Amino acid sequence: MPSVRVASSAPKSATAIDIPTSTEAVSKLPAARKSAAQRQGFEGKTGQTLVLAGGDGKQIEVLVGLGPAKELTTVKLRKAAAAFARTVSKHESVATNLMSHAEDLDQSAALAAIAEGLRLSTYRFNQLRSESSRKKHEVKLRTITIVASGKGLRADLNRANAVIDAVEFARDLVNEPGGSLTPQAFVAAAKKATADSGVKLTVWNEARIKRERLGGVLAVNRGSEHPPQFLQLRYKPVKGRPKAKIALVGKGITFDSGGLSLKTSTGMMSMKIDMAGAAAVLATMVALPAVKAQVEVTGYIPLTDNMTGPDAQRPGDVFTARNGKTVEVLNTDAEGRLILADALSLAAESDADAIIEMSTLTGSATAALGQSYAALFATDDELAARIEASSARSAEKLWRLPLPEEYRSQLDSTVADLRNIGTAPYGGALIAGLFLKEFVGDKPFAHIDLGLSAISETSKGINVKGATGYGVRLLTDTLTAW
Ligand code: BES
Ligand code: ZN
Ligand code: ZN
């Protein structure tokens, strides 16, 4: 996978270079290019590309569409950069002029967006292929030079690269099969990623989880061969007073079979992704020192798979969560909210000013919004506004849904404080959000239900078929902008 650098001119080694072209600029191209554009239907739309033979016969030139010149944004630059990188992925060294069109935009944001487009669109997960197959799937790109000059661009690019590394780390974790990415393997990856990183990692094993009364984690783990794990990660800014203390919580179900309320075979097919929230939280924590976030952050990650072993929890079983509430588990496939209940209780006990939680919690979120959008739920409008602003900048899309009080009675249980599913066959994502809200006390709380936004069915824009790494850019932006 390529590395991205910035330099004041394209290196001689570059065999491809782009000509960023707005819709208006198409008609002003030199005659030969203009007629090629017209012949092949290149209109300068955002993300459109057209390969032209290079002037000296060696270096190829690529028209890259920017859309209407006056409407250029960092979001469109990211798209254009992704399109360019895909188009030249057979080259080893290429250069891009996209920064020369970003004068009116925030320079560091534009540079980051371009770097994201270039690197994330050419990410590959080839570890599990045989050598010959890996060769076929390999991206040839090694070096991409962003042509730009200006103060601080190197430091800006270093920060952007750290965030992109984190997105790729999250993608790697999500792409890893459920049978190999056990809770123990996840912990090993967390240890490796946090070693000498400025982030402190604490691991609770099963005995400690019992002592800490994490009843939801233990309930879900009953059907498993692998003991549960619980991670806490701490980041403190090196300099300056933290602007706030934030708790991040991520769902870490390393595989979701549904438990005794077993999923269908198609429903189960993608369930190695059920730790995407945990991956996003871990990867975000790892990126925080490099981006020098001015907030104190604690990450909470409960880890177990949801399996059907001989002592698996039975529908109707009741457990006591960390905060003392008792829960009747009527559907063992609604397991994410059970492990999150404990993690949220711990976050609620802490001195955090706000809690942001991320999880592949319901299929219902995707039924409502489709695969490109996550669902945002929040008990606090200011917190929601911060996350929505970050979503607009990062183009990690989400849409706010309500937490309606009138549905709360659906969670009343005949025998316990709460049941883990609603009674109506509708609004499942909302009911799940209402369930989580029972564990956050009175702290401002945002819940991001990823649904299937954790994976992409197609290779398009910055996404490659498979894990998207959704949430890492959104969360790092939220925390650095605080
Ligand atoms: N991990 C799933 C949710 C999910 C499903 C995420 C598909 C992404 C794609 C979760 O544990 C689950 O199974 N939820 C159930 C809840 C239901 C039993 C109340 C769901 O959404 O169907
Ligand atoms: Zn489930
Ligand atoms: Zn699940």
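The values are calculated or read from the model by the stated rules, or taken from the named source; none is laboratory data. Being a predicted model, the structure only gives us computed values, none of them experimental. Quick reminder, even Gly has a Cβ in these numbers, built from the backbone with ideal geometry, and neighbours come from all protein chains shown. Side chains included, ligands, DNA and RNA excluded: accessible areas come from the protein's heavy atoms. Shrake-Rupley method; radii C 1.70, N 1.55, O 1.52, S 1.80 Å.
Structure data summary
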| quantity | calculated |
| --- | --- |
| Alpha carbon centroid spacing (whole Å) that separates region 380-417 from region 433-482 | 12 |
| Whole-percent carbon and sulfur share, accessible surface of region 288-345, 1.4 Å | 50 |
| Coordinate range along principal axes, alpha carbons of the chain, Å, largest first | 79, 50, 44 |
| Highest to lowest packing among 385-393, 29-37, scored as the average C-beta count within 10 Å | 385-393, 29-37 |
| Peptides 8-16, 115-123, 408-416 ordered by average Cβ neighbours within 10 Å, highest first | 115-123, 8-16, 408-416 |
| Region 137-295: C-alpha gyration tensor shape, a/c 1.5 cut-off, then a/b vs b/c | oblate |
| Dipole magnitude of the chain, debye to nearest 20 (Cβ charges: Lys/Arg +1, Asp/Glu -1, about Cα centre) | 1840 |
| Descending Cα extents along the principal axes, region 1-132, whole Å | 47, 36, 27 |
| Inter-label distance, nm, simple model (7 Å from Cα along the C-beta direction), Ser132/Glu61 | 4.2 |
| Label-point separation in nm, Arg142 to Lys90, each point 7 Å along Cα→Cβ | 1.9 |
| Distance violations [Cα-Cα > 27 Å] among Lys45/Lys465; Lys34/Lys465; Lys12/Lys151; Lys200/Lys465 | Lys34/Lys465; Lys200/Lys465 |
| In order through region 382-390: 3J(HN,Hα) via Karplus (6.51 cos²θ - 1.76 cosθ + 1.60), integer Hz, x for Gly, Pro | 5, 5, 4, 5, 4, 5, 5, 5, 5 |
| Accessible surface of region 121-180 [probe 1.4 Å, protein heavy atoms]: carbon and sulfur percent | 49 |
| The chain, accessible area per residue, ligands and nucleic acids excluded (1.4 Å, Å²) | 41 |
| Percentage relative contact order, the chain, counting C-alpha pairs under 8 Å, at least six apart | 15 |
